[in-house]
1. To the nearest 0.05, how large is the calculated FRET efficiency for residue 57 and residue 95 if R₀ is 25 Å and r is the Cβ-Cβ distance?
2. Multiply the residue separation of residue 86 and residue 12 by 0.36 nm, subtract the distance between their alpha-carbon atoms, and state the gained length in nm to one decimal.
3. In nm, what is the difference between 0.36 nm times the number of residues separating residue 102 and residue 35 and their Cα-Cα distance?
4. What is the packing order of peptides 31-39, 18-26, taking the mean over residues of other C-beta atoms within 10 Å and listing the highest first?
5. Label the range 59-107 by shape, choosing from rounded, prolate and oblate, from the square roots a ≥ b ≥ c of the eigenvalues of the Cα gyration tensor; if a/c is under 1.5 it is rounded, and otherwise prolate applies when a/b is larger than b/c, oblate when it is not.
6. Between residue 78 and residue 66, what length in nm is gained on full extension when 0.36 nm per residue of separation is reduced by their alpha carbon distance?
7. With an 8 Å cut-off on Cα pairs and a minimum separation of 6 or more residues, tell me the relative contact order of the chain in percent.
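Any read-out appearing in this document is the output of simple, stated calculations on the displayed coordinates, not a laboratory observation. On a predicted model such as this, the values are computed, not experimentally measured, just so you know. Note that each Cβ is placed from the backbone with ideal geometry, even for glycine, and that neighbours are counted across all protein chains shown.
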């Protein structure tokens, strides 16, 4: 399923982001270095909202225990500073498409 995330102008600046919610889905769409990425907005370690963290050089840092994830592939860049590090797993990522000045994400579903 394809969902509109934003107008491209909303994500024009490095570090800008939007949050997209649809049914049970919660996605962070972010501009990092001029490229757009979409990643699960809930941290796999503590279910915290990633949009409240920091985005820098293709890495998003969870605001709770500072776990870091790569925006490009969802991989773990650094585990959490507190809590069970075995409980953290890579974040889901979603394809981003730009069409006619609009940003879309491709998500699982019908």
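1. 0.75
2. Additional length available on full extension: 23.0 nm.
3. 22.7 nm
4. Answer by packing, highest mean first, reads 31-39, 18-26.
5. Since a/c reaches 1.5 and a/b is larger than b/c, the shape of the range 59-107 is classed as prolate.
6. My answer for the length gained is 3.5 nm.
7. 26
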